[in-house]
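First comes the structure, then the notes that go with it.
The values are calculated or read from the model by the stated rules, or taken from the named source; none is laboratory data. Keep in mind the model is a prediction, meaning the values are calculated, not measured. To get the accessible areas, we keep the full protein, side chains included, count just its heavy atoms, and leave off ligands, DNA and RNA. Shrake-Rupley method; radii C 1.70, N 1.55, O 1.52, S 1.80 Å.
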Amino acid sequence: MILLYRVTADLLVLLHLAFIIFVVAGGLAVFKWPWMAFLHIPAAGWGAIIEYRGWICPLTPWENNLRKLAGEEGYTESFIEHYILQLVYPPGLTRDMQTTLGTVVLVINLLIYAVLLYRHFRN
């Protein structure tokens with residue numbers, strides 16, 4: 001059962017990372033699949049709100065609980081824990097950094113959607 005908790009926690013971190021990538025750059029998918037905007041805009045909004053408000057994504061406590069259930073401690077890190085966790089949960093994250101990340105999410109996505117709207121109305 002411990003292995004199941006650990007693997008589930010690792011998969012949850014991968015899902016979390018995929019969501020972060022989708023939040024930041026998912027607007028690019030809208031160039032190919034315009035319907036993706038209906039998924040991406042709320043996701044990007046959620047990502048920006050999480051950063052601006054300093055909230056913790058609900059996936060974070062869920063993943064932490066799974067790790068506790070797995071009895072993890074010490075240096076028994078998997079590849080995912082060692083390399084990907086640092087991307088999802090940067091060490092030393094401050095409120096100023098979170099605000100900056102929220103702004104980066106908004107700026108990137110506003111630029112992507114500005115190009116999409118320009119292309120749409122140009123035709």
(message) Keeping every protein chain present and rolling a 1.4 Å probe, give me the accessible area per residue for the chain in Å².
(response) 68
(message) Counting only protein heavy atoms and a 1.4 Å probe, tell me what percentage of the chain's accessible area is made up of carbon and sulfur.
(response) 72
(request) Counting helices only, and only those DSSP H runs with n ≥ 4, report the 222 nm mean residue ellipticity of the chain as the sum of -39,500 (n - 2.57) divided by its residues, in deg cm²/dmol to the nearest 500. (result) -23500 deg cm²/dmol
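Span-like helices, the chain: DSSP H, alpha-carbon axial extent 18 Å or more, mean Kyte-Doolittle 1.0 or greater, which ones? Don't skip to the end; give the middle numbers.
Details: long enough: 2-25 (34 Å, 2.28); 37-53 (23 Å, 0.68); 95-122 (40 Å, 0.81).
What comes out of the filter, once short or polar helices are dropped, is 2-25.
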(request) Would you kindly calculate the mean projected area, averaged across all directions, of the convex hull enclosing the Cα atoms of the chain, in square nanometres? (result) 8.7
